[in-house]
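Peer 1: Here it is: the structure, laid out below.
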Amino acid sequence: MELLQNSKFWLLAIAAGLGAIHLTLTWKTGNSDRFSTSLLFWGTTAVLVWQKGDTLRLDGNVFSSVLGVSLIGMVLLKLGIGSSYGGPFLSVAPFISALGMGLLASGFKGLRQYWQELIIFLALAMPISILADLLESLLHVSLLTAKVSTLMLWHLGFEVSRQGVYILLPQGAIEVYPGCSGLKSMLELLRLAVLFLILFPTSLKQKLWVPVVAVLLAFVVNGVRIALLAVLVGLSNQAFEYWHKGAGSGVFSMISMLSFGLFCYFLLQQEEPDQDAVEFSEP
């Protein structure tokens, strides 16, 4: 029993150390959104493991333990190399770390106990920029964004027209670049949708609707942002830069996340059974 408790202590210490190293390096990149997302995913994983508590089976064998230690060692080595600092490996490090910890603690057979944690870190490792560029080349979302933003402005009474990805107003015009299509915001919100579906029990219908709503919310909010930029382009260069690349751009990201959070909250509220009605109907 004492040996088991010592094993749990050391496993917990290793996992905490890996998380602290990853979060520290993420913080040093200067990307606050990346850090907050990583902190959320690490925190959620810690809560899941804590809830499982004594139900976890710790029965790793020599081979799985050696492989797990090797994976953890590779993570520590790569994160310690200057060329990997802030690079793509920083995003996949938590997944490799979780895989190594699972093998070290429970072996290959017990790895399925950690399927939730592995999926969470796999979502965290999703290469947002690469996927956004790939989807843009296939779907041309920037053109659709330009159409929707133009339609918004037209309904608001602006003298607006469009030529391809260019939105034209009397005071000026803007081009909806692939980076402004909203694909990155959609993928970020889709990643949060994965987190929600893992944390909370949902029906099959809800599992289909949650990612769809996440993508639609991010797209619509970004369309509003593009419409605002089109109005500002000929009025105030300072205001345009603020909402385009400054702190204002993060406001729309926050709005989409809060909107998605509210949607998830009301979704969970609808699923709560009416216990009083059930008890009243019983004879």
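Peer 1: May I ask you to list pairs of residues, at least six apart or on different chains, whose Cβ atoms are under 8 Å apart, with the first in the range 1-16 being modelled with pLDDT of 50 or more and the second being not in a helix (DSSP H, G or I) and not acidic (D, E)?
Peer 2: Close Cβ pairs satisfying both conditions: S7/L58; K8/L58; L11/L58.
Peer 1: Also, I was wondering about something else. Please work out which residue is surrounded by the fewest Cβ atoms within 10 Å (Cβ to Cβ), limiting yourself to the range 126-142 and to residues that are without any contact (Cβ under 8 Å) to a residue 12 or more places away in the chain and hydrophobic (A, V, I, L, M, F, W, C).
Peer 2: L138
Peer 1: Also, quick follow-up: Does T202 satisfy the condition of being at pLDDT below 90 and at negative phi?
Peer 2: Taking the combined requirement at face value, the residue satisfies it.
Peer 1: Whether any residue in the range 203-224 is open to solvent by 30 Å² or more (accessible area, probe 1.4 Å), among the basic types (K, R), without any contact (Cβ under 8 Å) to a residue 60 or more places away in the chain and farther than 30 Å from A173 by Cα is what I want to check.
Peer 2: Checking the range 203-224: at least one residue is open to solvent by 30 Å² or more (accessible area, probe 1.4 Å), among the basic types (K, R), without any contact (Cβ under 8 Å) to a residue 60 or more places away in the chain and farther than 30 Å from A173 by Cα.
Peer 1: If you go through the range 148-189, how many residues are open to solvent by less than 50 Å² (accessible area, probe 1.4 Å) and of a type in the set (S, T, Y)?
Peer 2: 4
Peer 1: With the requirement that a residue be under 33 Å from the mean Cα position of the chain (by Cα) and in contact (Cβ under 8 Å) with a residue 40 or more places away in the chain, what does the range 157-170 give you?
Peer 2: Correct list: I167 only.
Peer 1: Quick one: in the range 235-283, of everything that is over 24 Å from A218 (Cβ atoms), among the acidic types (D, E) and open to solvent by 100 Å² or more (accessible area, probe 1.4 Å), which residue is modelled with the highest pLDDT?
Peer 2: E272
Peer 1: Please report, ordered by residue number, the strands (runs of 3 or more DSSP E) entirely within the range 78-186 with at least 1 residues that are more than 20 Å from W243 (Cβ to Cβ).
Peer 2: Counting at least 1 such residues, we get 161-163.
Peer 1: Restricting attention to the range 25-40, which residues are open to solvent by 50 Å² or more (accessible area, probe 1.4 Å), without any contact (Cβ under 8 Å) to a residue 40 or more places away in the chain and either of a type in the set (A, V, I, L, M, F, W, C) or more than 19 Å from S185 (Cβ to Cβ) (or both)?
Peer 2: Answer for the range 25-40, where residues must be open to solvent by 50 Å² or more (accessible area, probe 1.4 Å), without any contact (Cβ under 8 Å) to a residue 40 or more places away in the chain and either of a type in the set (A, V, I, L, M, F, W, C) or more than 19 Å from S185 (Cβ to Cβ) (or both): W27, G30, L39.
Peer 1: Right, here's the next one. Which of the residues that make up the range 190-202 are open to solvent by 30 Å² or more (accessible area, probe 1.4 Å) and aliphatic (A, V, I, L, M)?
Peer 2: Those that are open to solvent by 30 Å² or more (accessible area, probe 1.4 Å) and aliphatic (A, V, I, L, M): L190, L192, V194, L197, L199.
Peer 1: So, Q171, is that one farther than 30 Å from L48 by Cβ, out of contact with any helix residue (DSSP H, G or I) (no Cβ under 6 Å at 6 or more places or on another chain) and among the polar types (S, T, N, Q) or not?
Peer 2: yes
Peer 1: Something else: Of the residues that make up the range 6-15, is at least one over 23 Å from A247 (Cα atoms), of a type in the set (S, T, N, Q), in a helix (DSSP H, G or I) and open to solvent by 30 Å² or more (accessible area, probe 1.4 Å)?
Peer 2: Yes, the range 6-15 has at least one match.
Peer 1: Output the number of the condition that T145 fails; it satisfies all remaining conditions of (1) of a type outside the set (D, E); (2) over 23 Å from F41 (Cα atoms); (3) open to solvent by 40 Å² or more (accessible area, probe 1.4 Å).
Peer 2: (3)
The values are calculated or read from the model by the stated rules, or taken from the named source; none is laboratory data. Since the structure is predicted, the reported quantities are computational estimates derived from the model, not experimental observations. Note that each Cβ is placed from the backbone with ideal geometry, even for glycine, and that neighbours are counted across all protein chains shown. All accessible areas refer to the heavy atoms of the entire protein, side chains included, with ligands and DNA or RNA removed. Shrake-Rupley method; radii C 1.70, N 1.55, O 1.52, S 1.80 Å.
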